[in-house]
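Worksheet: one structure, shown below.
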Amino acid sequence: MKVTSASGTESSFSNPVIPGFYPDPSICRAGDDYYLACSSFEYFPGVPILHSRDLVHWTQIGNALDRPSQLRLPPDTPSSGGIYAPTLRHHDGRFRLIVTNVSGDGNLLFTATDPAGPWSEPIRLPGVHGIDPDIAWDEDGTCWCTTAGVGQIRLDPHTGETYGERRRLWSGVPGAKAPEAPHLYRIGDHWYLLIAEGGTERGHGVSIARGRTPTGPFEPCPANPILSHRSTDHPIQNTGHADLVQGPDGSWWMVLLGVRPGGGTPGWHVLGRETHLVPVEWVDGWPVVGELSTVMPAPPWPLRPPAAAPERRDDFDANELAPHWVSLRDRPTENCTTKERPGSLTLRARGGSLDDTDVLFVGRRQQHRSCRARTLVDAAQGRGGLAVRLDESHHYSVETEAATGQVRVRARIGPLNTVVASRPVSPGPVVLRVDVTSVDTVNDPRTGPDLVSLGFEEPDGTFVALASLDGRYLSTEVAGGFTGRVLGMFATAGSVHFDWFDYEPLDA
Ligand code: 6LW
């Protein structure tokens, strides 16, 4: 099963090229293949790894941190804690990933020969301080590690040892928030230091400086920020946190995060920060970023979509869950298995509810502004259902409970937590369903970004929507944080079996 990627024809492609909560992209090229890593916060497994042959079509091929020994998220890890921004590089024939676990082990470095995995055990980096670590090698093989605030230290990537003092390379653009997401590149006669600035909200932007050595001094680009949509009404906002890569023809391209607010003023984004693609030209030794839009001219090489379109439905007939499925903090095999009832995913509750970060939950990112999620649930031995989750304080869910024979819709919006509707249903398995309908044309500025309808299907497939709720309350503008919606299955009592899960995009 593959996550949805951009649609692309010979004449155009759509942004985001990786829709849904795949933020803080870092990209590298290995021959004709491109790989990209994203942050993943409280979710397990962590650091999704995606593959492309044309920079437009992407398929998630794994997660770099798929073992508890790699990804230790303590029981009190809050939503948007955990794994922050990674940097992914290919050097000396190996893939290297450096990333910060802000809720546990700090900065860590991993290596792999196959980016789909397995990745190594962590190399700890006690001498690397700060988030958004980057690694780059100079001509004599010295490895430089640069972090947010643009501090830099020399690093042995094999042992994790650091050498010398942490020097400050650049204070960023005057007046802008602390520089983050640094990436260092040797391009032509210069070393370039790319940064994000302005914070990851509406003031986000990308700036750059250059120097003659990897340790500076660096002179800022006169045109900084080289990309920002701040103070515009552009449909793509919060643009920043970029990385540079050369296309198959040697041209330069930038991946970066952006959001697509919907509804009226101020606009609410619900899919998290998504990965976008934009071309870059070099003029007088400085990058000039092309116009970033939702429909882009196709790159000057043949597009190479994946052989198989992403399947919508997962029948859980494999031993392992597909890589795009995520849980919260960990995924104990004794509580989450497809082996107990072949052809079903069995979740065995361990006491948490959706209001906690240890609830038994298996979900996938919402990638479309209008979509439908359905799952066939047998809760004969417990209670569980289907949730639209932003974090433990902002979620809508529809659950079934054999003991009461009820299907009920719950809504949690900050301090408010209530059963919105309930209805008796016939005993036995039931299809629970969520329809998300985006608001595309806005007549009333008070309109939210979408409507979230939750309910169940009658045996003949008729949708009984028990509640239709305003989606603005499951948006980052309301909830805060760094993630996006995840649609998933959960169990809050006993064992619950999910025979299949179907995710249907209802818009491009
Ligand atoms: C990321 C950093 C940031 O590490 O947010 O606002 C963090 N800036 O670049 C999480 O995405």
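The values are calculated or read from the model by the stated rules, or taken from the named source; none is laboratory data. Please read all numbers here as calculations on a predicted model, not as lab measurements. Quick reminder, even Gly has a Cβ in these numbers, built from the backbone with ideal geometry, and neighbours come from all protein chains shown. Heads up: the accessible areas ignore ligands, DNA and RNA and are worked out on the full protein's heavy atoms, side chains in. Shrake-Rupley method; radii C 1.70, N 1.55, O 1.52, S 1.80 Å.
Observations on the structure shown:
- Accessible area (Å², 1.4 Å probe, nearest 10) - ILE195: 0
- Each Lys and Arg adds +1 at its Cβ and each Asp and Glu adds -1 at its Cβ; summed about the Cα centre, region 12-297 shows a dipole of about 420 debye.
- Local electrostatic count, THR265, Cβ distance below 12 Å [Lys/Arg +1, Asp/Glu -1]: -1
- Euclidean distance between Cα centres, region 353-414 to region 47-113, Å: 27
- For the chain, the relative contact order works out to 15 percent when only alpha carbon pairs closer than 8 Å and six or more residues apart are counted.
- Calculated translational diffusion coefficient of region 313-505 (37 °C, 0.692 mPa s; Stokes-Einstein with Kirkwood radius over alpha-carbon pairs) equals 198 µm²/s.
- Per-residue HN-Hα couplings for region 235-249 [Karplus 6.51, -1.76, 1.60; θ = phi - 60°; Hz; x = Gly/Pro]: x, 10, 10, 6, 5, x, 6, 9, 9, 10, 7, 8, x, x, 9
- Note on SER12 and ALA223: the model spin-label points, each 7 Å out from Cα along the C-beta direction, lie 2.5 nm apart.
- Alpha carbon centroid spacing (whole Å) that separates region 126-200 from region 316-348: 39
- Accessible-area value, ASP32, 1.4 Å probe, nucleic acids and ligands omitted, Å²: 100
- Loop-located trypsin sites (Lys or Arg not before Pro) in region 380-465 (DSSP state other than H, G, I, E, B) with a sparse environment of at most 14 neighbouring Cβ atoms within 10 Å: ARG446.
- Computed log₁₀ I(q)/I(0) - Debye formula, equal Cα scatterers, no solvent, the chain, q 0.10, 0.12 Å⁻¹: -0.75, -1.06
- Modelled label positions at ASP33 and ALA380, each set 7 Å beyond Cα in the direction of Cβ, lie 4.4 nm from each other.
- For region 198-301, the share of alpha carbon pairs falling in successive 10 Å distance bins from zero is 14, 43, 31, 11, 1 percent.
- Long-range tail of P(r) for region 12-297 (Cα pairs > 34 Å, %): 12
- Expected 222 nm ellipticity per residue - DSSP helices of 4 or more, -39500 (n - 2.57), all of the chain, to 500: 0 deg cm²/dmol
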